[in-house]
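Working notes, structure below.
The values are calculated or read from the model by the stated rules, or taken from the named source; none is laboratory data. Please read all numbers here as calculations on a predicted model, not as lab measurements. With ideal geometry, Cβ positions are generated from the backbone for all residues, glycine too; neighbour counts draw on all protein chains shown. The protein model used for the area step is the full one, side chains on, heavy atoms only, and it has no ligands, DNA or RNA in it. Shrake-Rupley method; radii C 1.70, N 1.55, O 1.52, S 1.80 Å.
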Amino acid sequence: ELKEIVFIIQSQSNSFHSKRAEDLKRAILKQAADLGKELPTVLLIHEMDGHEGAWTILPLMRDFSVTYGRNSSWIFFCEEDTRIQVVKLLETLGRFDGSKEWFLGKALYDEESTIIHHYAFAENPTVFKFPDFAAGWALSIPLVNKLAKKLKSEPLKSDFTIDLKHEIALYIWQKGEGPHLTPVPEFCTDDVNSYKVDHCATTFSNFLPLCGEPVKKEDVFVAVKTCRKFHGDRIPVVKQTWEREAALIEYYSDYADISIPTIDLGVPNTDRGHCGKTFAILERFLNHSSPRTPWLVIVDDDTLISIFRLRKLLSCYDPNEPVFLGERYGYGLGTGGYSYITGGGGMVFSRIAVQKLLASKCRCYSMDAPDDMVLGMCFSGLGIPITHSPLFHQARPMDYPKGYLSHQIPVSFHKHWNIDPVKVYFTWLAPSTEESLNGKKVGYNREDL
């Protein structure tokens, strides 16, 4: 029965995202009403108060078990851009015995072991499957109850959340004692208009959001963090690739090099975190850039980014809100903790977010503290939410499953390690697939990278 499914939308509190989640909730309830069925429960994760780490889902299992453990059969999770055919979803879940432990989803796997999964299953990374959240995924209530019981006796370790879908699958698997992910072909990430979707219970509608005109080039100020030792190898890559997309760009270093040019912020370079440098960039943006420039992007000198696509994405956000946008990680979310935007993929700030941050007394506890984590702590203390976009990437394209990247138009990747970064840019991020490079037309095949 439909009323035995609890729908959980993996929503966010930013106004753009919460509206999309509300629209999806209405669509699910309308389909249920049109069927003449008793309405299911539809919940938005960002409305579940008391959990800074609600987006990591595992801390909610005990609540789910207590509230729904007796009268429900399935918890079905989806993203705000997942589209659901309720009748087909009912048929699909009906094929599985809800009295047993099931973990269902569209299976992703690593082609090679990767740093973002701590090189798990290094001998054969393809064996471990984890769900593509965009297609939706489901847990049977007996499994939810089992997880809740385990979490009661063994609280989550206070550690990093880096790739939630992989970490949840690992937790459920319990080193072989729990269920593997069961792949469900009806959970799809094809576009809703594709000819392939006739059999699909779910589809995915969003490659790169665009909400009206892209923001103007002059509305995005780009700050590149660098240091003297990388002027010769990393900065030329930026200049060969994405620099031309930025109208306002400055390079911040520990040494003023007129040929680039770089600006010496008077902050010595540190080997580890660059908190001192990042806060100096924030101060400079507030005090030296035009007050009419609403957006600041801070990237590393080995970040590959599409400013062209970022301008489209930013059309969906209100610069009058405090926005802190990028790829979200978590620290210690099982025991309080905080979320943060990981720096390598690029950190995007609305001017008002920078104003609120600098008006507070929150600052680096040391010059070489990890800047992204300190910013996460500060914004968490101010009650300003982190806004996650899966289009920003802390690692290289080959560090992500092909199936995951196939329904994205990415905004950024990070690191030059063991890749040709110029090739990666022109393959994945350039405004069109074929770009003129030194007067030659180049087009690369993603499969080669």
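The residue list LEU58, PRO131, LEU143 was ranked by how far each Cα lies along the charge dipole of the range 1-158 toward its positive end, using unit charges on Cβ atoms, and LEU143 comes out on top.
Dipole of the range 114-266, Cα-centred, from +1 at each Lys and Arg C-beta and -1 at each Asp and Glu C-beta, to the nearest 20 debye? Provide the component values of the computation, followed by the final result.
Numbers: 17 positive and 21 negative charges, 121 e Å.
Roughly 580 debye for the range 114-266.
Straight-line reach from LYS356: which aspartates and glutamates have Cα under 13 Å away, leaving out those fewer than 8 places along the same chain? Straight-distance partners of LYS356: GLU283, GLU321.
Over the range 265-347, what percent of the accessible surface lies on carbon and sulfur atoms, probe 1.4 Å? The partial results should precede the final answer.
Numbers: 1190 of 2650 Å².
It is 45 percent, rounded to a whole number.
Of the labelled figures (1) 77; (2) 52; (3) 64, only one reflects percent of Cα pairs over 28 Å apart as derived from the coordinates, namely (2). Applying 0.36 nm per residue to the separation of LYS239 and LYS149 and subtracting their alpha-carbon distance, the gain on full extension is 27.0 nm.
Atom-type composition of the exposed protein surface of the range 1-99 places 45 percent of the accessible area on carbon and sulfur (1.4 angstrom probe).
You can think of it this way: the chain between ASP23 and SER315 has 103.2 nm of extra reach, that is 0.36 nm per residue less the Cα-Cα gap.
For the range 92-179, with only Lys/Arg (+1) and Asp/Glu (-1) charged at the beta-carbon, what is the dipole magnitude about the Cα centre, in debye rounded to 20? Let's see the in-between values first.
Details: 11 positive and 12 negative charges, 110 e Å.
Dipole magnitude for the range 92-179 comes out near 520 debye.
Which stretch or stretches of the range 309-332 have amide N atoms under 12 Å from the point lying 7 Å from LEU382's Cα along the Cα→Cβ direction? Residues 321-325 qualify, since their backbone N sits under 12 Å from the label point. From the alpha carbon centroid of the range 77-91 to that of the range 5-21 is 14 Å.
Backbone geometry of the range 254-266 corresponds, through the Karplus equation with coefficients 6.51, -1.76 and 1.60 at θ = phi - 60°, to 3J(HN,Hα) couplings of 9, 8, 7, 10, 5, 6, 8, x, 9, 10, 7, 7, x Hz, x marking Gly and Pro. For VAL87, the accessible area of its heavy atoms, probed at 1.4 Å with every protein chain present, is near 70 square angstrom. Dipole size of the range 3-108 about its Cα centre, with +1 on Lys/Arg Cβ and -1 on Asp/Glu Cβ: approximately 300 debye, rounded to the nearest 20. Couplings 3J(HN,Hα) of the range 397-412, computed from phi: x, 6, 7, 10, x, 4, x, 6, 6, 5, 10, 10, 10, x, 9, 8 Hz, in residue order, whole Hz [Karplus 6.51 cos²θ - 1.76 cosθ + 1.60, θ = phi - 60°; x for Gly and Pro]. Comparing Cα centroids, the range 344-378 and the range 167-235 end up 24 angstrom apart.
Residue separation times 0.36 nm, minus the C-alpha to C-alpha distance between GLU123 and ALA247: what's the value?
Numbers: separation 124, 0.36 × 124 = 44.64 nm, distance 4.60 nm.
My answer for the length gained is 40.0 nm.
Between GLU47 and ASP159, the distance separating the two model label sites (each 7 Å from Cα on the Cα→Cβ line) works out to 3.4 nm.
Using a 4.7 Å Cβ-Cβ cutoff, the cysteines of the chain lacking any partner cysteine are CYS78, CYS227. Between GLU123, GLU321, GLU167, the GNM of the chain built on Cα springs shorter than 10 angstrom shows GLU123 fluctuating the most.
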